[in-house]
1. Give me a comma-separated list of calculated 3J(HN,Hα) values for segment 166-177, in order, Karplus coefficients 6.51, -1.76, 1.60 applied at θ = phi - 60°, integers in Hz, x for any Gly or Pro.
2. Where the centroid of each part is defined by its Cα atoms, how far is segment 226-287 from segment 331-408 in Å?
3. With labels modelled as points extended 7 Å from the Cα through the Cβ direction, what inter-label distance (nm, one decimal) is found for Glu328 paired with Leu8?
4. How about segment 339-405: which chymotrypsin sites (Phe, Trp or Tyr not before Pro) there lie in a loop by DSSP and see at most 16 other Cβ atoms within 10 Å?
5. What residues have an amide H closer than 5 Å to that of Tyr205, excluding those fewer than 5 places away on the same chain, when H is modeled at 1.01 Å from N in the peptide plane?
6. Of Leu223, Asn183, Leu266, which is farthest along the charge dipole of segment 153-287 in the positive direction, counting Lys and Arg as +1 and Asp and Glu as -1 at C-beta?
7. Give me the accessible area per residue for segment 79-184, probe 1.4 Å, as a whole number in Å².
8. Per residue of segment 439-446, in order, report the coupling 6.51 cos²θ - 1.76 cosθ + 1.60 (Karplus, θ = phi - 60°) as ³J(HN,Hα) in whole Hz, putting x for Gly and Pro.
Amino acid sequence: LVLVPQALRDAMVSLSETTGQDVETVEYLLGLLVCYPLGIIMLMLPYGKVKHLFSFILGAFLLQFTIGIQWIHQLISSLVVYFMFLVFPRGFNKIAVPVFVMLYMTAGHLHRQFINYLGYDLDFTGPQMVLTMKLYSLAYNLFDGQELKKGNPGRATKKCSDFAVDKLPGLLEFLGYTFCFSNVLAGPAFEYKTYARACDGTLLYKADGTPKGKIPSNVWATLRPLLLSFVCLGIFVVGSAKFPLLDPDDPQNSNPVLLTDAILSLPWIKRYGYMWLSLLFVKPKYYFAWKNAEGANNTWYAGFEGFDEKGNVKGWENANNIDIVEFETAPNVRSASGAWNKKTAAWLSRYIYMRTGGSLVATYGLSAFWHGFYPGYYFFFLSVPILTQCERLGRKKLTPRFGNGKKWSPWGLVCIMCTSILLNYMVIPFQLLAFDWSLAIWKNHYFIGHILCFVFYVLTAYVVPTPKTKGA
């Protein structure tokens, strides 16, 4: 099934030559931007199957437009999982479906690393990561729906009851969700119920057709993230050109700029400062994609949270994947994790952390597994629990002594500064990916982040007494 005509392909080649950008970049940017007019059309379509069909067909079109024939992976994995939903019991599928989608994702990551090690060419693995979250979540949603119906839900099922699905969606509804045009390229992978309510009208209207409350305008909810995404794109282009992380001419094969003689010859404080700035200007490329996708989802109210019991507007958080200011000024890892890639964090919390008895190792380990198999991912995700444990200890023993509960207090500012310094040290392998580059950069910084965490933990755990509670 070919949805993208050759004439359109030729036009993209001409546009890339005119702009000086590679074809993949041009197609991806246009794929994100075209979701806005498509979202307006989606809003005008009647509720029901027409919306699901439009979502599926246009999602498949965008995948073909950006990654070509590789879109077939999304179709194959979606159909296999739907077959599993039809044939196997839900208790089995909550294990089998996550295993299947993670193995499929694993094969894609390994193939990419084998044929294009450290390459940044666009392929199916990016959209497949979004799809993996959707299918993984839906398996648990269906299981939770069954357990709630039986009247014997577990603790995790109770906490996720708002997202439970009683009945297996029809194939069209299922494909409309998995291929949803407005989040198929950059996410966010919101819950099936979020998608279904926007498509069937129950998000805005009661069963009798009357509005659940005063329906807010979607204009500013659409324009604000769109405009912000352009600002982020500009910051990324300008900032990363001035403080590049990787070699601009050959990022795949040449040493990162951080490991060149020009940077290594600087005093440590300047080396760290350059690393901090380079990471600061790398992040806006993620902000651009997520904010752009947020606006696209808001055009047809998929990002709208609906109304409370009194008919008051809840907000527009369904498609919000990043709180930029909150992330950049996070006083601890928990706050940073909650503000960065929020829907992925929610997925990890609901379907890994809660389902493994609160295991940080399982949560961070699976997150690394989901990202791929570059050593840099594991350096980062297996180091973060160390920092998290230190924070928990500090919150127990130090915050009662120095903190007043306010983020912008002197103690709060100390926490913000320490979090930024240590988190940027921990995350640098995530960007460098390669084992030798990741180890070299940590060695160049004297493993200071790990050493500080170790010293802090020992001193706080065994030297600093636990403060007495009032009335004790």
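The values are calculated or read from the model by the stated rules, or taken from the named source; none is laboratory data. Keep in mind that this is a model prediction, so the values were computed, not measured. Neighbour counts are summed over all protein chains in view; Cβ atoms, including those assigned to glycine, are modelled from backbone coordinates with ideal geometry. For the accessible areas, the whole protein counts, side chains as well, though only heavy atoms, and no ligand, DNA or RNA atoms are used. Shrake-Rupley method; radii C 1.70, N 1.55, O 1.52, S 1.80 Å.
1. Running phi through 6.51 cos²θ - 1.76 cosθ + 1.60 with θ = phi - 60° gives 6, 10, 4, x, x, 4, 5, 4, 5, 5, x, 6 Hz.
2. Segment 226-287 and segment 331-408 have Cα centres spaced 25 Å from each other.
3. My value for the distance between the label points is 3.6 nm.
4. Here the sparse-neighbourhood loop sites are Phe373.
5. Answer set, sorted by chain and number: Lys212.
6. Farthest towards the positive end: Leu223.
7. Values: 4560 Å² over 106 residues.
Counting only protein heavy atoms, the per-residue value for segment 79-184 is 43 Å².
8. 5, 5, 5, 5, 5, 5, 9, 6
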